[in-house]
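One structure is given below, encoded as structure tokens.
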Amino acid sequence: MKYRGLPRAVQALLWMTFFGVIGIAFYGSLPAAVAAIFHLADVAPEKIPWMTSRITAFLAYGALAASSIYGLAMTTKTLDFFARRTVTDRLHEDLSFWGLLLGATHAILLMFDDYIQFTWESILVPFAASYRPDAVAWGIFALYLTALLVLTSKARRFIGLRLWRAIHLLAFAAFGLLTAHGLAAGTDSGTPWARALYVGAVTLIAFFFAVRVLQKITGANRR
Ligand code: HEM
């Protein structure tokens with residue numbers, strides 16, 4: 001379907017709803033979250049690096065999962081009827097970039113945690129960590145793959161579409177490694193909200209992937 005754009009009234013309504021929901025969420029949770037951080041800094045300051053590493057881990061996972069889902073929604077042309085392609089391309093790239101930055105921050109913060117005692121070697125070299133070496137290695141491989149995907153997307157013009165596309169298929173491996181890493185290494189994997197996040201992300205990716213495969217088989221969505 002071709003881009004037609006949403007009517008201005010609908011756009012205004014969507015933005016108002018968006019800011020309304022964000023406002024309510026902040027109003028409801030921000031004071032409690034700030035109080036909890038100050039309390040933690042008071043009673044157990046040594047836990048701050050570990051807590052912030054876990055927060056950045058989930059933000060990174062959210063950004064990279066959203067980027068993958070968004071990418072598939074683009075290739076299946078699901079978004080074309082209400083978003084212009086250049087806008088969606090840019091958002092897809094930005095989400096990956098921020099996911100990469102947050103993922104690196106998550107790993108670096110672990111070096112300040114006294115309990116697992118990570119060094120540069122344990123965050124950079126797969127299987128070198130003494131803490132859950134396999135699960136941590138999956139995170140390291142995923143981080144390197146994400147860096148490769150971000151860099152080759154920036155250099156798409158120089159490396160050519162064919163090579164870029166072949167490399168871009170590695171995004172599926174990166175997402176699989178990230179999900180396995182979060183589930184196997186994480187403290188929060190057993191909580192209902194973390195499970196909902198992992199299951200939701202995997203389900204959406206599987207859904208769009210199936211749509212893409214069907215489109216390929218039936219010849220729909222040809223350029
Ligand atoms: C883009 C890259 C990465 C993403 C998106 C990511 C994401 C995650 C997520 C979602 C968790 C679960 C957190 C929890 O349940 O509390 C986690 C845990 C963990 N990650 Fe990563 N990770 C990435 C890269 C790395 C790297 C490179 C390392 C190398 C040190 C690493 C080490 C760990 C460790 C040790 C844990 C367990 C922390 C804990 O919960 O105690 N991650 N990661």
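Overview of values
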read-out	value
Counted residues, segment 124-135 - those being near the ligand (Cβ under 10 Å from one of its atoms) and either of a type in the set (Ser, Thr, Tyr) or over 19 Å from Leu183 (Cβ atoms) (or both)	4
For Asp94: the one exception among (1) more than 16 Å from the ligand (Cβ to nearest atom); (2) part of a helix (DSSP H, G or I); (3) surrounded by fewer than 17 Cβ atoms within 10 Å (Cβ to Cβ)	(1)
Scan of segment 171-187 for residues that are modelled with pLDDT under 95 and either surrounded by fewer than 16 Cβ atoms within 10 Å (Cβ to Cβ) or within 24 Å of Val150 (Cα to Cα) (or both), ordered by number	Thr187
Contacts under 7 angstrom Cβ, first residue in segment 143-171 being polar (S, T, N, Q), partner modelled with pLDDT under 95, 6 or more apart	Ser153/Glu93
Residues that are without any contact (Cβ under 8 Å) to a residue 60 or more places away in the chain and assigned to a helix (DSSP H, G or I), drawn from segment 112-135	Trp120, Glu121, Ser122, Ile123, Leu124, Pro133, Asp134, Ala135
Residue in segment 98-109 that is closer than 25 Å to Phe209 by Cα, more than 9 Å from the ligand (Cβ to nearest atom), buried (at least 17 other Cβ atoms within 10 Å of the Cβ) and in the same structural domain as Leu178 (by TED's automatic domain parsing) present	yes
Residue count for segment 136-191, restricted to those that are assigned to a helix (DSSP H, G or I), near the ligand (Cβ under 8 Å from one of its atoms), over 14 Å from the mean Cα position of the chain (by Cα) and among the β-branched types (Val, Ile, Thr)	2
Any pair with Cβ under 9 angstrom, 6 or more apart, that starts in segment 79-90 at a residue that is in a helix (DSSP H, G or I) and ends at one that is modelled with pLDDT under 75	Arg85/Tyr3
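Conditions tested, residue by residue: (1) outside any loop (DSSP other than H, G, I, E, B); (2) over 17 Å from Leu109 (Cα atoms); (3) without any contact (Cβ under 8 Å) to a residue 60 or more places away in the chain.
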residue: Ala32; (1), (2), (3): yes, yes, yes
residue: Trp50; (1), (2), (3): yes, no, no
residue: Ser53; (1), (2), (3): yes, no, no
residue: Ser67; (1), (2), (3): yes, yes, yes
residue: Lys77; (1), (2), (3): no, yes, no
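Residues checked against (1) closer than 30 Å to Ala128 by Cβ; (2) among the aliphatic types (A, V, I, L, M):
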{"site": "Ala33", "(1), (2)": "no, yes"}
{"site": "Pro45", "(1), (2)": "yes, no"}
{"site": "Trp50", "(1), (2)": "yes, no"}
{"site": "Asp80", "(1), (2)": "no, no"}
{"site": "Leu91", "(1), (2)": "no, yes"}
{"site": "Leu101", "(1), (2)": "yes, yes"}
{"site": "Ala104", "(1), (2)": "yes, yes"}
{"site": "Met111", "(1), (2)": "yes, yes"}
{"site": "Asp114", "(1), (2)": "yes, no"}
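The values are calculated or read from the model by the stated rules, or taken from the named source; none is laboratory data. Keep in mind that this is a model prediction, so the values were computed, not measured. Virtual Cβ from ideal backbone geometry, glycine too; neighbours counted across all protein chains shown.
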